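The values are calculated or read from the model by the stated rules, or taken from the named source; none is laboratory data. These numbers come from a predicted model, not from an experiment. Glycine gets a Cβ as well: all are built from the backbone with ideal geometry, and neighbour counts include every protein chain shown. The area values use the complete protein model at the heavy-atom level, side chains included, leaving out ligands, DNA and RNA. Shrake-Rupley method; radii C 1.70, N 1.55, O 1.52, S 1.80 Å.
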Amino acid sequence: MKVAVLGAGVAGVAAAYYLWRDGHEVVVLERQPGPARETSFGNAGGLCPSFAGPWAAPGMIGKVLKMALQRQAPIRFSLSPNPRKLAWLARWLGNCNAERFRANKLRMQRVAHYSDACLKALAAAGLPVAFDYHQDGTLQVFRSEADLKAVPAITQALDEYEVPWQRLDEAGARRLEPALAATRAPIAGALYLPRDGSGDSHKFATGLADYLAGQGVTFRYGARIRALARQGDRIAGVQVEGDAGLCAADAYVVALGPQAPFLLRPLGIALPIYPLKGYSITAAIADPARAPRAAIMDEYNKVMISRLGDRLRAAGMAELKGYGLAVDPARVAFLKSVVREWFPAGVDIDGAQSWAGLRPMTPDGPAILGKTRYANLYLDCGHGSNGWTQACGTGKIVADIVAGRRPEVDLEGLTADRYA
């Protein structure tokens, strides 16, 4: 069977891998000149199944309003009269309660831990794909006694989802992560999550795409998708800008991140996906002994710092303001100041590369996977801020569905049917 994958971000490339492994003829269409050039390019780097969970949580509304008052607010939003954004916010507000949070968290944990196992199996398969992967855990650091009040609720949730953790005082955090010896940031306490890892999603997607191209998978870069042509209850082909005819296949997988709703709306498929803009900086490590091994989550500033080979990445911020990709210099300066506070030496912060990207968020949290009303159209969308953590799992799930197999993960709450 010929399968067209629309989008070559980390989710699309992972799906292409599992479809190719099943013996399908695979073609990947991507508007950028290479894979993982948008949302997957500069994310935090954390492979964090322990952290996987929805943005919609109990008390989140108050937290957002409180954070908005900070000088460098981790979260910013505008209330411009955009119908799609306002509809998304209304759905999000409806999920900010304990019952919905628990259900959505369980769904995301299901996929995240499955994806972690899929990624490890892929990494162990001997493919020539190097992506600076290491499993040194995540150290979630709390700066004040007030911040520590959240720890019992966090650990209760971790226990419910059977995630191992270790609570540390300041001395314990410094012993676990020696690079904190020179930090200027206050440490009231920390949680260590040993299952988590770090890796470069752009290097992973690029390496895997190169390998797949060598195995016969077709990657069409610079292919701007205009529409999907339908014929009855099936998709007849993809309209690509500049092509005289349709790019036809037997099945189609949509992995277009924040752009997916625009392609699918003319087909009568309304996906509640809206972008949440984030920022990152990537800096060279000058002294490996002074750079962390574990990923550091600065809970107060909502900034994650992870080690990617000989580089350090810091990422954070959440801006619900639309589709603009302009890099705000103040946001970059803030990220640099956070890294300097935690690691004042050993990292070339002045030479850091800055980036901004759009996370494709669903209002409840889980990605949207699987079948649609069209017999040969499948979804691999809405990964939010967990795309790198969940990409291999969702790719395998969708490949199983395309092949007519029952996925190894329960699909309850993971399909578009939950919005019907």
* For segment 25-58, how many residues are closer than 25 Å to Asp298 by Cα and open to solvent by 50 Å² or more (accessible area, probe 1.4 Å)? -> 5
* Hey, among the residues in segment 290-314 that are open to solvent by 10 Å² or more (accessible area, probe 1.4 Å) and among the aliphatic types (A, V, I, L, M), which one's nearest to Val151 (Cα to Cα)? -> Met297
* Asked: Which condition breaks for His113 when tested against (1) farther than 26 Å from Pro292 by Cβ; (2) surrounded by 20 or more Cβ atoms within 10 Å (Cβ to Cβ)?
  -> (1)
* Before we move on, is Tyr323 part of a loop (DSSP other than H, G, I, E, B), aromatic (Phe, Trp, Tyr) and open to solvent by 50 Å² or more (accessible area, probe 1.4 Å)? -> yes
* In segment 250-279, how many residues are within 17 Å of Lys85 (Cβ to Cβ) and either under 13 Å from the mean Cα position of the chain (by Cα) or among the charged types (D, E, K, R) (or both)? -> 7
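Take the residues in segment 1-22 that are of a type in the set (A, V, I, L, M, F, W, C) and in a loop (DSSP other than H, G, I, E, B); name whichever of them is most open to solvent (accessible area, probe 1.4 Å).
Applying the first criterion (of a type in the set (A, V, I, L, M, F, W, C)) to segment 1-22 yields 1, 3-6, 8, 10-11, 13-16, 19-20.
Now restrict to residues that are in a loop (DSSP other than H, G, I, E, B): 1, 8.
On the way: Met1: 98, Ala8: 0 Å².
Only one residue tops the list, namely Met1.
Within segment 37-54, identify whether any single residue is β-branched (Val, Ile, Thr), over 20 Å from Val338 (Cβ atoms) and modelled with pLDDT of 90 or more, and answer yes or no.
First, the residues of segment 37-54 that are β-branched (Val, Ile, Thr): 39.
Within this subset, residues satisfying the condition of being over 20 Å from Val338 (Cβ atoms) are 39.
Filter again for modelled with pLDDT of 90 or more, leaving 39.
Looking through segment 37-54, at least one residue is β-branched (Val, Ile, Thr), over 20 Å from Val338 (Cβ atoms) and modelled with pLDDT of 90 or more.
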* To do: Considering only segment 27-66, state which residues are within 22 Å of Trp355 (Cα to Cα) and outside any loop (DSSP other than H, G, I, E, B).
  => Glu30, Gly46, Leu47
* To do: Return yes when Ser385 is of a type in the set (S, T, N, Q), assigned to a helix (DSSP H, G or I) and modelled with pLDDT under 95 and no when it is not.
  => yes
* Asked: Name the residues in segment 166-182 that are assigned to a loop (DSSP other than H, G, I, E, B) and either in contact with a Pro (Cβ under 8 Å, 6 or more places away or on another chain) or under 17 Å from Arg293 (Cα atoms) (or both), would you?
  -> Glu177
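State the number of residues belonging to segment 183-226 that are part of a helix (DSSP H, G or I) and in contact with a Gly (Cβ under 9 Å, 6 or more places away or on another chain).
Going through segment 183-226, the residues part of a helix (DSSP H, G or I) turn out to be 201-214.
From the residues that got through so far, the ones that are in contact with a Gly (Cβ under 9 Å, 6 or more places away or on another chain) too are 201-203, 205-206, 209.
Residues flagged as part of a helix (DSSP H, G or I) and in contact with a Gly (Cβ under 9 Å, 6 or more places away or on another chain) within segment 183-226 amount to 6.
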* Kindly check whether there is at least one residue in segment 307-316 that is of a type outside the set (Val, Ile, Thr), assigned to a loop (DSSP other than H, G, I, E, B) and either under 21 Å from Ser78 (Cβ atoms) or over 24 Å from the mean Cα position of the chain (by Cα) (or both). => no
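Of all residues in segment 328-350, count the ones that are assigned to a helix (DSSP H, G or I), closer than 20 Å to Val141 by Cα and open to solvent by 10 Å² or more (accessible area, probe 1.4 Å). Can you show your working first?
Of the residues in segment 328-350, the ones assigned to a helix (DSSP H, G or I) are 329-342.
Narrowing further to those that are closer than 20 Å to Val141 by Cα: 334-342.
Filter once more, keeping what is open to solvent by 10 Å² or more (accessible area, probe 1.4 Å): 334, 336-337, 340-341.
Counting residues in segment 328-350 that are assigned to a helix (DSSP H, G or I), closer than 20 Å to Val141 by Cα and open to solvent by 10 Å² or more (accessible area, probe 1.4 Å) gives 5.
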* Asked: Looking at (1) open to solvent by less than 80 Å² (accessible area, probe 1.4 Å); (2) within 30 Å of Gln109 (Cα to Cα), can you tell me which one Trp165 breaks?
  -> (1)
* On the given criteria, is Ala403 among the aliphatic types (A, V, I, L, M), under 30 Å from Ala121 (Cα atoms), in contact (Cβ under 8 Å) with a residue 40 or more places away in the chain and open to solvent by 30 Å² or more (accessible area, probe 1.4 Å)? -> yes
* Could you please find all residues in segment 302-342 being within 22 Å of Ala286 (Cβ to Cβ), in contact with a strand residue (DSSP E or B) (Cβ under 8 Å, 6 or more places away or on another chain) and hydroxyl-bearing (Ser, Thr, Tyr)? => Ser306
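Does Asp200 satisfy the condition of being in contact with a Cys (Cβ under 8 Å, 6 or more places away or on another chain), buried (at least 20 other Cβ atoms within 10 Å of the Cβ), among the acidic types (Asp, Glu) and in contact (Cβ under 8 Å) with a residue 40 or more places away in the chain? Working first, answer last.
Values: in contact with a Cys (Cβ under 8 Å, 6 or more places away or on another chain): no; buried (at least 20 other Cβ atoms within 10 Å of the Cβ): yes; among the acidic types (Asp, Glu): yes; in contact (Cβ under 8 Å) with a residue 40 or more places away in the chain: yes.
Considered against the rule, which asks whether it is in contact with a Cys (Cβ under 8 Å, 6 or more places away or on another chain), buried (at least 20 other Cβ atoms within 10 Å of the Cβ), among the acidic types (Asp, Glu) and in contact (Cβ under 8 Å) with a residue 40 or more places away in the chain, Asp200 comes out as no.
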* To do: Examine segment 278-299 for a residue that is of a type outside the set (Ser, Thr, Tyr), under 20 Å from Lys321 (Cα atoms) and touching an Asp or Glu at 6+ places or on another chain (Cβ under 9 Å), and state whether such a residue exists.
  => yes
* To do: Go through segment 230-242 and count every residue that is free of Cβ contacts under 8 Å to residues at least 24 places away in the same chain and open to solvent by 20 Å² or more (accessible area, probe 1.4 Å).
  => 6
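Of a type in the set (Asp, Glu) and at pLDDT below 95: which single residue out of Glu241, Glu162, Glu177 fits that description?
Numbers: Glu241 fails: at pLDDT below 95; Glu177 fails: at pLDDT below 95.
So the residue among Glu241, Glu162, Glu177 that is of a type in the set (Asp, Glu) and at pLDDT below 95 is Glu162.
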